[in-house]
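The structure under discussion appears below in the form of structure tokens.
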Amino acid sequence: MRRVDTPGKATGAAEYGVDHRLPGMLVGKFKRAGVPHARIENIDTSGALALPGVRAVITGADWPRHHGPLLRDQPALATDRVRWAGEAVAAVAAVDEETAIEAIDRIEVEYEDLPVVDTVDDALADDAPLLHPDAELYDVADTPGMRIQPEPGTNIAYHFKLRRGDVDVAFATAHVTVEDTYETQFVQYCHLEPHVVVAQMDPRDGLTLWTSTMGPHTLRNMLADFLDVPASNVRVITSYVGGAYGSKMYLRIINPVAALLAKKVAPRPVRVCFDREDEFLSAAGRLPARVTIKTAVDREGRLVARQSEVFWNKGAYLDLGAMVVRNSGYVSLGPYRIPNARVDAYCLYTNRQPGGAFRALGVPQMAWAGEQQLDRVARELGMDPLELRRRNILQEGDESVTGEVMSAVGAGPCLEAVAEQLHAMPAEPPETASGVVGRGAAVVLKSTLTPTATFASVKLNHDGSVDLIAAAVEHGQGTMTALTQIVADELQVPFERVRFVMPDTSVTPFDRSSSSSRTVFTMGNALCDASREVRTRLLEMASSVLDAEIQDLELRDGEVLVRDDPSRSATYEQIIRRYYKGPGNIGGLGSFATQSIYDPMDPETAYSTRPSTFWMYAAAGAEVEVDRETGECRVRRLVTAVDAGKAVNPLGCLQQVTGSAVMGLGMAMSEELVFEEGRVMNPTFLDYKIPTTVDLPQMTDIVVETPHPDGPSGARGVGEPGVAAVPAAIGNAVFDATGVQMTSLPLRSEKIYWSLRAAEKAEGGS
Amino acid sequence: MNRTIDLTVNGRHENVEIHDNWTLLDVLRSGLTMLGTEEGCGEGSCGSCTVLVDGRLVRSCLFLGVRASGRDVLTVEGLSKDGELDALQNAFVDEGGIQCGFCTPGFLMTTKVLLEENPSPTEEEIREFLSGNFCRCGGYTLILKAVQAAALAKAGP
């Protein structure tokens, strides 16, 4: 099955957000603060305003209203205070790029520097400067199952709690107990298409945005709220998105800046586009976490208790942070039966860029800790790590740590698929005399955004073609193709005859966003619902036109067949034309909403019998060679298995599995945005290394199928969990090879070298 | 506009008004409104903007526009003929070597040169040759398969 979108992408014809052009379009640019924490003493924009070609200059004072998806703690442009170096303090619209850049240079800002809160320890210190001294006064968005309550007098923006059984008693009586602390780094999205928005204010229709976003309706609603206008006054139109991975959502910097500039230069359109430095300094990214985790087992290797304490370096504003912290918090102990569990996860304000949702939403960080620690426990027990996992992994009917009775659990099948491939052949000997070889595996589960509501339209036209009208964004994940297949199948029309209408909030019905691996599941169900409506109406019309009972009709390949009398069959086109005595069409509006199956999580204990519409599962296995002399680590093989439920498009699923594995590989081996006192030290691709073809191990990518009872044809999300399993699997392989467990990411040679030397010293000294 | 340059793009003679500080990428995107070649980083790292100039691979974001004067430029738009994908494009589509597609034009142009220079490359040679092109969707294994399939298709049955 050829993807719908890729032939156009192969010819250069596909239109991305950056390709959108309008006549008379102005260039918008913003000025970055350049200092991580400061009071703004004065902003002088006179030099910029005097520059010929400048059409507008804005500062925080122009529109001081705050925004934020969960907590309204973020101004569009810094008002009295700067909280991270990449924050916008002013913006301009000018006739061309050069003028805009010069105007930005001419804006003078005077700062009074404030002490910088860079690390988790800085944020937790007794005398820590408070980033948001009045945090408790901010408006809180109503988010089901989440109580956002910044703790007054601290930098704690959110505290997630999970309580199950009695961990203290269990730890006191356990056979083996292990406790460790692990850390992860800030990872940038690095989608190759940058953030871009073209905005235009029309006196009658309001604001229109042409932008690269994963969630056009969510963006529209948040922007309307921020501008204090009805949602109908904002329209968001999306074309192809050149990669997002959780980015390009919510307002952040670019959307408010573009909207406020467009208001000022109306009716001229203005385009704001990030350059690569903006992407590194001012976009969100994967949040760093410090995880202290403790695990206890009995003599047979059964988990009796696990607890984790997690500190998240959230950056200047909460953004989606609390969601990341909660949704990764309740899976931080892994896909296992754990009778006694405790999690405390804290989201801390710091003077760094506010990280946000990033493919697998916090789970890679949690798995790096929990899955590595299991291998330590296995070593203490003298048990094979795979066997330890087998004894504890969630099975059909088991209760999860939140209290859900699990079904259609893909964790075991993913782990077994990986184990089989990883150990299918003996490891080749090391290539160097000082080399050692090891293997390791990890398994994860991930939830999806819940509850959400999704709507979609399907229109059968009088020529027999179908319009699929859905706010499902194609950002590379194959959405268009999978959804087209679902509709073609439901309505029995050829795949080629389904036209996918690109998302436009004035045309395509509401959907939360094409994120959280939820689109095939939720939008697929909504489209099935819409298709059924079309089908029902078509059969009614056919019954009338063909003078046959509905139960004697069936749809096949664009035709209505009368059973037992093939001569009376008619094409869809004929049915519609005969019925209406001319052209016409049949429309269906479908929906899929999950509020009725969702059990809101208890904010004190995280108890919920159904916190997630569906669960995703993945496992990874790695074989590494580590040079004991130099610390150099080479991943030789990487096996990744993800449960697709039912693969609607097998090649599309494989693309997601291999892509998520490579993203996990980058996080494991090389990627790290380096901060010093709140400043980013490596904001270029020369210094921030993402994997390329030469970094690739021998890869095996596997699509596992454990059908989900509620998914379309059994399908479930597949895009994210692979990322989460890979770093821990590689860490476990290093542990297996060297006997030394690495606690922080990424696994740079230097770090491994020093860990090996420290271990030797400890051994020699004992 | 500071000056006019003459060049050939995808076999067509073009006369473009440009600014002196424009890159070849600006000439293509702003001067000719040819939007198939994409800018990923603007600093020569990611390979998205790769085109051919007189048959040689060039990062168009680093190549000064005035230097393109009198030259023969081939971009992604020049690969398909009469709306039909060429063998290389077909291989990328069929093998799943395209996800978000933003890097695809750069990969296609780089692969075209690879297969001209080395019609049956080993996997190692492909990896080496494509190492300057980023695919953040991480679809490298399928891209490698696509290149191998294209090499086979080119070699014929």
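Just so it is clear, none of the values below were taken in a lab; they were calculated from the coordinates. Bear in mind the structure is a predicted one, so any value in this text is a computation, not a measurement. A quick note on method: Cβ atoms are made from the backbone with ideal geometry, for glycine too, and the neighbour counts reach across all protein chains shown.
With a ≥ b ≥ c taken as the square roots of the eigenvalues of the C-alpha gyration tensor of chain A, please select rounded if a/c is under 1.5 and otherwise prolate if a/b is larger than b/c or oblate if it is not? The shape class here is oblate.
Among the listed pairs A:Lys689/A:Lys751; A:Lys29/A:Lys264; A:Lys459/A:Lys646; A:Lys248/B:Lys145, a Cα-Cα separation exceeding 22 Å is found for A:Lys459/A:Lys646; A:Lys248/B:Lys145. Entry note, chain A: the mean residue ellipticity at 222 nm calculated from DSSP H runs of n ≥ 4, each adding -39500 (n - 2.57), is -8500 deg cm²/dmol after division by the residues and rounding to the nearest 500. Scalar couplings 3J(HN,Hα) for the range A:167-174, obtained by applying the Karplus form with A = 6.51, B = -1.76, C = 1.60 to θ = phi - 60°, are 5, 5, 5, 5, 5, 5, 10, 6 Hz; x denotes Gly and Pro.
Cross-link partners of A:Lys761 among aspartates and glutamates, defined as those whose alpha carbon lies under 18 angstrom from its own and excluding same-chain residues fewer than eight positions apart: A:Asp627, A:Glu629, A:Glu750. If R0 equals 30 Å, the separation of the Cβ atoms of A:Ser596 and A:Glu554 corresponds to a calculated FRET efficiency of about 0.40. Take the Kirkwood radius over Cα pairs of chain B, plug it into Stokes-Einstein at 10 °C and 1.306 mPa s, and you get 100 µm²/s for translational diffusion. Taking every alpha-carbon pair under 8 Å whose residues sit at least 6 apart, the range A:453-593 reaches a relative contact order of 35 percent.
Rounded to whole numbers, the Karplus 3J(HN,Hα) couplings from phi for the range A:423-428 are 9, 5, 9, x, 5, 5 Hz, using 6.51 cos²θ - 1.76 cosθ + 1.60 with θ = phi - 60°, and x at Gly and Pro. Each Cα pair under 8 Å and six or more residues apart adds its sequence gap; the mean of these over the residue count of the range B:87-155 is a relative contact order of 54 percent.
Given a Förster radius of 45 Å and the C-beta distance between A:Thr630 and A:Glu396 as r, what FRET efficiency does 1/(1 + (r/R0)^6) yield to the nearest 0.05? E(calc), rounded to 0.05, equals 0.45.
With a cut-off of 17 Å on the backbone N, the residues of the range A:291-326 near the modelled label site 7 Å out from A:Glu179 along Cα-Cβ are A:291-297, A:304-311. Taking 7 Å steps out from each Cα toward its Cβ at B:Asp6 and B:Glu84 produces label points 3.3 nm apart. Restricting the range A:499-597 to trypsin sites (Lys or Arg not before Pro) that sit in a DSSP loop and have at most 14 other Cβ atoms within 10 Å of their own Cβ leaves A:Arg563, A:Lys581.
Counting only DSSP beta bridges with both residues in the range A:395-530, the antiparallel share comes to about 60 percent. Helix content alone sets the calculated 222 nm mean residue ellipticity of chain B: runs of n ≥ 4 DSSP H residues at -39500 (n - 2.57) each, divided across all residues, give -8500 deg cm²/dmol.
The HN-Hα couplings worked out from phi for the range A:433-447 by the Karplus form 6.51 cos²θ - 1.76 cosθ + 1.60 (θ = phi - 60°) are 5, 9, x, 10, 10, x, 10, x, 9, 8, 9, 9, 10, 9, 8 Hz, whole numbers, x standing for Gly and Pro. Counts of other chain beta carbons within 10 angstrom of each beta carbon in peptide A:14-23 average 3. Using a Förster distance of 25 Å, how high is the FRET efficiency between A:Glu300 and A:Glu420, based on the Cβ-Cβ distance and rounded to 0.05? E between A:Glu300 and A:Glu420, to the nearest 0.05, is 0.55.
Within chain A, antiparallel bridges make up roughly 75 percent of the DSSP beta bridges whose residues both belong there.
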